[in-house]
Amino acid sequence: MKSIVVLISGRGSNMTAIAQALRDERWPARIACVVADRPGAAGLARAREHGVDTDVVDFRAFDSRAGFEAALAGAIDRHAPDLVVLAGFMRILGDAFVDRYARRMLNIHPSLLPAFPGLHTHRRALEAGVAVHGATVHLVGRELDMGPIVAQAALAVRADDDEDRLAARVLALEHRLYPAAVRWFVEDRLALHGGRVELREPRPGETRCLWEG
């Protein structure tokens, strides 16, 4: 039984999708705790609705990133997690923290990496005039929004898409993509070879690339 700790900053919609899939599909895992970096994060209430313990490490209580990350690591390590999941966690993490959870920390980013790392991805995608946009699940590396790619979901950008409509369409894909990637991890079906991720023994319908036309 794998132990998962999820880090959030806001509403926790990806965390909720993961918790729901874990329960419905009976993964060999449990979410031990959801940790937020602010006490007002709406996802904390969502986690408690799913019977998941919660914790808060308020970044505003610390004078330095090092102090915040030390406290955050303490909150995580109390649960001895096999996997740390970043689900809308909006803090930039330092190298020492990333190294502490190397190869066992996943993130989802709302673009087809390596395109559009950072913020405002949907606006930037529309401004660039891309025909295809999407989301990426990756192992967290030292470089912001980079690291070996686990899975991606893509959709065709429509003529009537604005930033909000595109964001909503991509988020719906995230809610399918992220639970699948987390499940592969807890089932020990992800292998890393030379910086590239392989899905072992894919089952019917499983793919590292989701596509919505």
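First compute the accessible area of the chain with a 1.4 Å probe, then give the percent of it belonging to carbon and sulfur atoms. Before the final figure, lay out the partial values.
Working: 5210 of 10310 Å².
With neighbouring chains kept in place, the figure for the chain is 51 percent.
Under 5 Å between amide hydrogens, which residues at least 5 positions from ALA29 or on another chain qualify, with H placed 1.01 Å from N in the peptide plane?
Counting only residues 5 or more places away or on other chains, the set is LYS2.
Quick one: divide the alpha-carbon radius of gyration of the chain by 2.2 N^0.38 Å and tell me what you get.
Details: Rg = 16.6 Å, N = 213, 2.2 N^0.38 = 16.9 Å.
So the Cα radius of gyration is 0.99 times the expected 2.2 N^0.38 Å.
Considering only DSSP beta bridges where both residues belong to the chain, give the percentage that are antiparallel (nearest 5). Don't skip to the answer; put the middle values down first.
Details: 15 of 36 bridges.
Antiparallel: roughly 40 percent of the beta bridges in the chain.
List the trypsin sites (Lys or Arg not before Pro) within the stretch 1-72 that DSSP assigns to loop and that have no more than 16 neighbouring Cβ atoms inside 10 Å. If you can, show how the numbers build up before the last one.
Working: sites: LYS2, ARG11, ARG23, ARG26, ARG30, ARG46, ARG48, ARG60, ARG65; in loops: ARG11, ARG26.
For trypsin sites (Lys or Arg not before Pro) across the stretch 1-72 that sit outside H, G, I, E and B with at most 16 neighbouring Cβ atoms in 10 Å, the list reads ARG11, ARG26.
Please find the FRET efficiency linking LEU119 to ALA168, where r is the Cβ-Cβ separation and R0 is fixed at 22 Å, and quote it to the nearest 0.05. Please report the intermediate quantities before stating the final value.
Details: r = 17 Å, r/R0 = 0.79.
Computed FRET efficiency for LEU119 and ALA168 comes out at 0.80.
According to the Kirkwood expression over distinct Cα-Cα pairs, how big is the hydrodynamic radius of the stretch 40-165, in Å?
Working: mean 1/r = 0.0610 Å⁻¹.
In the stretch 40-165 this quantity evaluates to 16.4 Å.
May I ask you to give the solvent-accessible area per residue for the stretch 1-140, in square angstrom, as obtained with a 1.4 angstrom probe? Write out the running numbers ahead of the final one.
Details: 6310 Å² over 140 residues.
Value for the stretch 1-140: 45 Å² per residue.
So what's the back-of-envelope 222 nm ellipticity for the chain, counting only DSSP H runs of four-plus at -39500 (n - 2.57) apiece and dividing by all residues, rounded to 500?
Numbers: 6 runs with 71 residues, N = 213.
Computed ellipticity for the chain at 222 nm equals -10500 deg cm²/dmol.
The values are calculated or read from the model by the stated rules, or taken from the named source; none is laboratory data. Predicted model only: the values in this text are computed from it and were never measured. Note that each Cβ is placed from the backbone with ideal geometry, even for glycine, and that neighbours are counted across all protein chains shown. The accessibility values were calculated without ligands, DNA or RNA, using every heavy atom of the protein model including side chains. Shrake-Rupley method; radii C 1.70, N 1.55, O 1.52, S 1.80 Å.
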